[in-house]
Structure formats: C-alpha cells, structure tokens
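None of the figures in this text is laboratory data; all of them are computed from the coordinates on show. None of the values given here were measured: they were computed from a predicted structure. We place every Cβ from the backbone using ideal geometry, glycine too, and count neighbours over all the protein chains shown.
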Amino acid sequence: MNATDVSLAGKVGLVTGAASGLGKEIALTFARAGASVAIADLNGDGAEAVASQIRAAGGKAIGVTMDVTDEDAVNSATDRVAGEFGSIDILVSNAGIQIVNPIVEFSYTDWRKMQAIHVDGAFLTTRAALRHMYRGDRGGVVIYMGSVHSHLASPLKSAYVTAKHALLGLSRTLAKEGAAHNVRSHVVCPGFVRTPLVEKQIPEQAKELGISEADVVKNVMLGGTVDGVFTTVDDIAQTTLFLAAFPTAALTGQSFVVSHGWFMQ
Ligand code: NAD
C-alpha cells in the first residue's frame with residue numbers, strides 16, 4: 001500500500017512524540033495523504049523541524065511543544081492546534097520512553113515516570129482531543145501506540161508492560177463511550193522497530209542479561225518472529241493511516257499487532 005492510495009484530505013491529525021521514530025513517520029505519512037498535521041513533542045525544536053520538512057514538501061503542519069504529562073500544556077496545545085486548523089479529527093497518542101530494570105530494583109520514581117508518560121499522557125491527550133471531536137458529534141479517531149507488550153510480558157519491562165496493557169482498557173472504553181459521538185479508537189501494537197528508543201535498549205539489555213548485543217537482537221528482540229526481521233516505521237505508519245482513514249465503526253476498539261508474527265491474536 002502506498003500513502004497516496006488512502007486520503008486524509010481535509011482531516012486534521014495531532015501526533016504526540018512526533019519529533020522522532022514512529023511518530024515522525026506517522027506525521028509524514030499523514031501529511032502525504034493530505035492531512036494537516038500537528039507535530040507535538042517534548043522536544044519542541046525537533047517537532048518544528050518535522051513540521052518544516054512537511055511544509056517544504058507542500059503540506060500543512062505545525063510544530064507544538066507539549067509534555068504529555070502536563071495537564072495544562074496538553075489542554076492549551078490541543079486547543080491551539082484546533083484553533084489553527086479548525087478541529088482535530090485524528091489523535092495518535094504515541095509519545096513514550098523505555099526504562100528497563102528488574103522489578104526488585106525498579107525505582108518508584110522511574111515507575112511513576114513510565115505510567116505518567118504512557119498512561120496519564122494517553123488519558124490527558126484523549127480528553128483534550130475529545131472536547132473537539134465531540135462538538136456537534138463531528139467524531140474522529142484516536143489511535144494509541146501500544147506494543148506487542150500490550151499482550152505479552154518480557155523480563156525487565158514491568159512498567160512498560162503494565163502501561164501498554166493499560167492502553168487496551170482505555171481504548172476499549174473509548175470505543176464504547178465515543179460511538180455515540182462518532183469517535184472510534186484502536187491500539188496499534190508494533191514488534192521491535194529500530195528507532196532511537198530501541199537502539200538505546202540493545203546495550204542496556206546486553207548488560208542486564210549478560211549476553212552480547214548481537215544476541216539481544218537475534219534472540220531477545222527477534223527470536224519470537226517468524227522470519228527474524230524488524231518491523232519498520234513505514235509498516236506502523238501505513239497501519240495507522242489505514243485505521244485513521246477507515247470510515248465506519250465496523251473497526252473500533254481493536255488492537256492491531258504488527259510484529260512479523262511475534263504475537264498472534
Ligand atoms: P523515539 O524515542 O524515537 O520517539 C519518542 C518521542 O517521544 C521522542 O521524540 C520524545 O521526545 C517524545 N517524548 C518522550 N516523552 C515525552 C513527553 N513526556 N511528552 C511528549 N513527547 C515525549 O521512540 P519510538 O520508538 O518512536 O516510540 C514511539 C512509541 O512507540 C512509544 O510509545 C513506544 O513505546 C512505542 N513502541 C515502540 C516500539 C519500537 O520498537 N520502537 C515498539 C513498540 C511500541
């Protein structure tokens with residue numbers, strides 16, 4: 001599938017964590033499909049750089065500095081995007097980090113930071129976007145960036161696995177509440193994708209598990225796949241585009257695992 005096959009013309013997308021990795025590719029893909037895109041990130045300069053790249057290619061985009069854990073910042077940045085582009089039709093709640101440690105050594109500060117970014121951030125951005133999507137029941141789509149770890153567990157990742165499982169609950173609840181307002185919701189669940197978030201984990205996991213970096217990639221990251229191949233940012237962007245453009249609630253409240261067969265549901 002290619003971005004030009006699916007149109008988001010006239011739609012407004014807000015993508016969090018879009019200065020890098022998956023969020024950036026989703027923002028670029030939405031823009032190529034004709035959407036106006038807000039690139040929201042803690043890294044405001046990075047967000048603006050992605051927005052300028054889209055504008056230089058003839059698209060419509062703005063960069064927005066947003067810490068998804070800051071209630072006031074989320075509300076004001078979301079309202080600013082809706083003011084600039086007219087409303088919000090698609091929210092991709094994607095911002096995230098990874099902290100790996102055995103449970104027994106996990107600091108409470110790190111635990112809370114993980115829940116704050118992944119779970120509180122998903123809630124706050126959803127609530128802020130719904131205030132626009134519910135107006136006149138114009139509707140929209142909320143897509144959460146889950147993970148294969150929304151469905152299964154791995155050692156050292158207690159906070160991440162807990163947070164990614166929680167997104168299934170939020171998304172399914174939204175699918176039920178949002179239906180009356182024409183809002184749909186989904187969780188996209190990638191396997192390992194070589195973004196900065198994953199590059200950082202390779203040496204960390206090698207150290208924690210006492211194995212080589214090559215073995216982390218081959219056995220820990222790709223060992224469960226059917227073909228030993230990484231999922232790509234484009235695989236995830238195309239899946240997200242399809243779900244954003246799908247026109248009815250025939251698809252809502254679902255989880256889409258994109259992982260080379262690592263997890264099958
Ligand atoms: P990345 O590190 O490349 O990008 C994450 C972005 O989120 C960065 O630009 C960062 O500045 C931003 N961010 C971090 N904290 C933020 C905050 N408080 N407010 C706003 N922005 C913030 O990582 P990525 O791999 O693209 O990950 C994106 C999402 O995909 C995450 O939710 C991650 O858990 C999920 N995911 C990634 C993989 C993978 O293999 N890369 C697999 C499954 C799920």
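Summary table below
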{"read-out": "In range of the label at Lys176: residues from the stretch 225-259 whose backbone nitrogen is under 19 Å from the point 7 Å along Cα→Cβ", "value": "249-255"}
{"read-out": "Cα→Cβ-extended label distance, 7 Å offset, between Ala49 and Thr65, nm", "value": "1.6 nm"}
{"read-out": "Exposure proxy ranking, count of Cβ atoms within 10 Å, fewest first, for Leu22, Leu42, Leu209", "value": "Leu209, Leu42, Leu22"}
{"read-out": "Relative exposure of Trp111, Trp262, judged by other C-beta atoms within 10 Å (fewest first)", "value": "Trp111, Trp262"}
{"read-out": "Under 17 Å from the Cα of Lys164 - aspartates and glutamates, other chains or at least 8 residues apart", "value": "Asp110, Asp120"}
{"read-out": "Per-pair calculated FRET efficiency, R0 = 30 Å: Thr248 and Glu204 via Cβ, rounded to 0.05", "value": "0.10"}
{"read-out": "FRET E, pair Arg112, Leu197, Förster distance 22 Å, beta-carbon r, rounded to 0.05", "value": "0.70"}
{"read-out": "Calculated on alpha-carbon atoms, Rg and Dmax of the chain in Å", "value": "17.7, 57"}
{"read-out": "Kirkwood hydrodynamic radius over Cα pairs of the stretch 170-252, then Stokes diffusion coefficient at 10 °C and 1.306 mPa s, in µm²/s", "value": "105 µm²/s"}
{"read-out": "Candidate lysines - alpha carbon under 17 Å from Lys157, same-chain residues fewer than 8 apart omitted", "value": "Lys113, Lys200, Lys207"}
{"read-out": "Ranked by how many other beta carbons lie within 10 Å on average, peptides 26-34, 127-135 from highest", "value": "26-34, 127-135"}
{"read-out": "Between the stretch 23-54 and the stretch 81-148, the alpha-carbon center distance in angstrom", "value": "16 Å"}
